[in-house]
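Okay, structure first, notes after.
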Amino acid sequence: MLTPLWLETILPVLPTHDDWATTIKPDFNPFFIKERFLFYGYHWRPFDAMMGYILGTNPQVLYPILNHYFIVIGHTICAILIFKLLSTLKFTTFSKNITTVYFFITPSTMATITAVDSMNQVYALLCGIISFLFYVKLEKGKYVAWICMLFIATWFKENGLMWALIGPVLTYGFDLINQKRLKRDLLIGLGVIAVYGLAIFLLPREIIIHPDYEPDIIKVIKNIIKFLFTTFITVDYIYLLHQPSRNLIVAIFTFALSLPFLYYIFIKKSRQFLNKKMVCTMFCMIIAVAPHISTVFSMMHTYAGLAMLTILIAYSIDCYMEHRKSVIITFLLFCLSAVMIDIHLVNASIKSGRIGKKMAQEAIRKTGKPVKSVYVIIIEDEYPKLSSFCVIPYEAFGWGLASQYETNYQWPKTIKDTTIVHSLDAVKHAKQLASKVLLKDSIDCVWIINHDNVDVIK
């Protein structure tokens with residue numbers, strides 16, 4: 001029932017940042033199969049590539065509307081599958097209802113639901129849960145269905161492969177298989193991971209390793225802290241962490257509303273989690289988010305571990321059956337907090353997208369006529385960002401790529417960019433650099449980006 005409302009709220013969110021450069025953006029590559037569908041950059045996400053190809057048939061109509069439809073509908077199906085998952089693990093109807101609503105509205109999901117390029121994140125979880133249900137419920141063809149769904153989840157996003165290990169560990173934790181079967185099925189799961197790794201090794205590809213994906217122990221520690229906060233603590237992070245938007249009174253208020261429910265669930269009877277079921281569930285949560293923690297973790301990546309979080313919550317609620325009224329009251333307070341935060345996060349995402357669109361329109365208007373090639377000089381912006389909600393203007397502008405959308409990808413055909421250090425003389429240096437760049441025959445004009453201002457030099 002909430003899905004149409006959710007969709008109506010999120011549809012105005014426009015692309016920003018990576019949305020302009022990922023595989024899922026409108027794609028017109030004539031070598032689509034080789035350079036997008038099979039392998040691109042540092043990942044293999046054929047469903048992203050297929051979506052990009054579809055969007056490329058009519059970008060102005062389909063992008064990003066179609067993305068939002070797929071994401072919100074996928075999120076709704078995930079909520080239904082969460083209910084099925086909890087039913088399979090024999091939780092009560094009371095805890096299943098509350099936990100499913102929690103999953104659907106919790107602010108932990110909003111960085112995923114509002115992002116234009118997060119179809120892969122949603123459907124990796126969706127297919128991961130289906131693979132688990134196949135693994136548990138099917139009698140005939142269990143392993144074939146399980147493995148096929150694992151690969152489909154992984155072709156959406158690499159963390160889907162983690163369900164090859166989650167399936168056996170979680171079923172063992174809930175005594176649905178014995179230790180002997182656990183060892184055998186873990187070997188099968190590791191075999192699936194090995195086959196996927198071998199396939200990537202054999203595919204023709206050009207590996208592009210982004211610096212953010214290089215291993216670093218300090219980065220891993222920071223990512224673990226981000227994971228714990230974004231997963232277990234409900235608070236308006238924009239009002240708390242984003243300095244230009246900071247409002248500590250409202251941030252504390254949203255946290256205070258959610259705190260009684262979080263206290264009941266995670267703190268009051270914390271010892272209840274020290275058993276086989278919950279230890280295995282928490283271990284599965286770590287497995288689910290491990291690929292992100294070891295590389296890049298943002299608020300969007302919390303989504304990967306939320307299925308395990310719902311199991312922890314459902315288990316805790318079942319331990320409070322004699323205090324159902326207290327659980328309901330505290331959960332309603334949580335819902336109030338969640339709705340307040342969700343509305344703020346969506347509005348912030350819409351605002352960031354509109355800034356990028358305004359800059360793109362300004363660049364096109366000032367350029368005056370179609371050009372083939374543009375060089376974008378970005379003056380480093382000290383404006384702080386927060387995930388995909390509060391984006392730096394030049395990132396909302398997509399380093400110039402948003403302008404292609406405004407011309408329905410007719411021009412400019414080529415965009416190159418560079419960033420110069422912010423200083424008192426930055427604009428002067430940018431104009432000097434522009435003069436040098438324009439001496440090259442391959443560049444038709446230069447756009448200088450200073451915060452959300454665009455200066456065009458022809």
Would you list 17, 429, 43, 75 from the most to the least accessible area, probe 1.4 Å? 429, 17, 43, 75
Accessible solvent surface per residue of region 311-458, calculated while the other protein chains remain in place, 1.4 angstrom probe, Å²: 48
Spatial separation of Cα centroids for region 145-208 and region 232-260, in angstrom: 38
With the crude spin-label approximation of a point 7 Å out along Cα→Cβ, what separation in nm comes out for residue 432 versus residue 354? 3.9
If contacts are Cα pairs under 8 angstrom and at least 6 residues apart, what is the relative contact order of the chain in percent? 18
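Set the Förster radius R0 to 22 Å, insert the Cβ-Cβ distance between residue 188 and residue 279 as r into 1/(1 + (r/R0)^6), and round the FRET efficiency to 0.05. Write out the running numbers ahead of the final one.
Values: r = 23 Å, r/R0 = 1.02.
Efficiency, from the Cβ-Cβ distance: 0.45.
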Would you kindly find the accessible area of residue 77, with a 1.4 Å probe and non-protein molecules such as ligands, DNA and RNA excluded, rounding to the nearest 10 Å²? 70
Residues residue 73 and residue 407, FRET efficiency given R0 of 25 Å [Cβ-Cβ distance, rounded to 0.05]: 0.25
Gain in span if fully extended, residue 225 to residue 54, counting 0.36 nm per residue against the direct Cα distance: 57.8 nm
I'd like to check one number: the per residue accessible area of region 9-158, probe 1.4 Å, reported in Å² as a whole number. 36
Share of Cα-Cα pairs in region 341-458 beyond 25 Å, in percent? 23
Let me cross-check residue 51: its accessible surface, 1.4 Å probe, with only protein heavy atoms counted, in Å² to the nearest 10? 10
Carbon plus sulfur, as percent of the 1.4 Å-probe accessible area of region 278-377, comes to 69
When the accessible area of region 1-127 is split by element with a 1.4 Å probe, what percent falls to carbon and sulfur? 70
The correct ranking of 446, 101 by accessible area at 1.4 Å, largest first, is 101, 446
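What do you get for trypsin sites (Lys or Arg not before Pro) in region 44-119 restricted to DSSP loop and a cutoff of at most 11 other Cβ within 10 Å of the site's Cβ? Each step should come with its number before you reach the end.
On the way: sites: 84, 90, 96; in loops: 90.
When the trypsin sites (Lys or Arg not before Pro) of region 44-119 are filtered for loop state and at most 11 Cβ neighbours within 10 Å, 90 remain.
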Taking amide hydrogens as modeled 1.01 Å from N in the peptide plane, which residues meet the under 5 Å criterion relative to residue 16, leaving out close sequence neighbours? 116
Under 27 Å Cα-Cα from residue 140, which lysines qualify once same-chain neighbours fewer than 8 residues away are excluded? 84, 90, 180, 183, 277
For the chain, treating each Cα as an identical point scatterer without solvent, what Debye log10 I(q)/I(0) comes out at q = 0.14 1/Å? -1.39
What order do 45, 354, 181 take when sorted by accessible area (1.4 Å probe), most exposed first? 354, 181, 45
What pairs from 25/440; 226/385; 269/325; 351/458; 226/325 go past 27 Å between their alpha carbons? 25/440; 351/458; 226/325
At a probe size of 1.4 Å, how large is the accessible area of residue 69, to the nearest 10 Å²? 100
If you average the alpha carbon positions of region 304-328 and of region 81-137, how far apart do those two centres end up, in angstrom? 14
Helix-only estimate, please: 222 nm mean residue ellipticity of the chain, summing -39500 (n - 2.57) across DSSP H runs of length 4 or more and dividing by its residues, to the nearest 500. -18500 deg cm²/dmol
Between rounded, prolate and oblate, where does region 218-329 land on the alpha carbon gyration tensor, with a ≥ b ≥ c its root eigenvalues, rounded for a/c under 1.5, else prolate if a/b exceeds b/c? oblate
Percent relative contact order for region 300-458, counting Cα pairs under 8 Å at least six residues apart, stands at 27
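Which of the helices in the chain meet the span-like rule: DSSP H, Cα axial reach of 24 Å or more, Kyte-Doolittle mean at least 0.0? Walk me through the numbers on the way to the answer.
Numbers: long enough: 65-88 (34 Å, 1.61); 119-137 (27 Å, 1.36); 179-202 (34 Å, 1.03); 276-293 (25 Å, 1.43); 324-367 (64 Å, 0.52).
Within the chain the helices that satisfy the rule are 65-88, 119-137, 179-202, 276-293, 324-367.
The values are calculated or read from the model by the stated rules, or taken from the named source; none is laboratory data. Fair warning: this is a prediction, and the values are worked out from it, not measured in the lab. All Cβ positions, glycine included, derive from the backbone under ideal geometry; neighbour counts span all protein chains shown. Please note that ligands, DNA and RNA were not included when accessible areas were found on the heavy atoms of the full protein model with its side chains. Shrake-Rupley method; radii C 1.70, N 1.55, O 1.52, S 1.80 Å.
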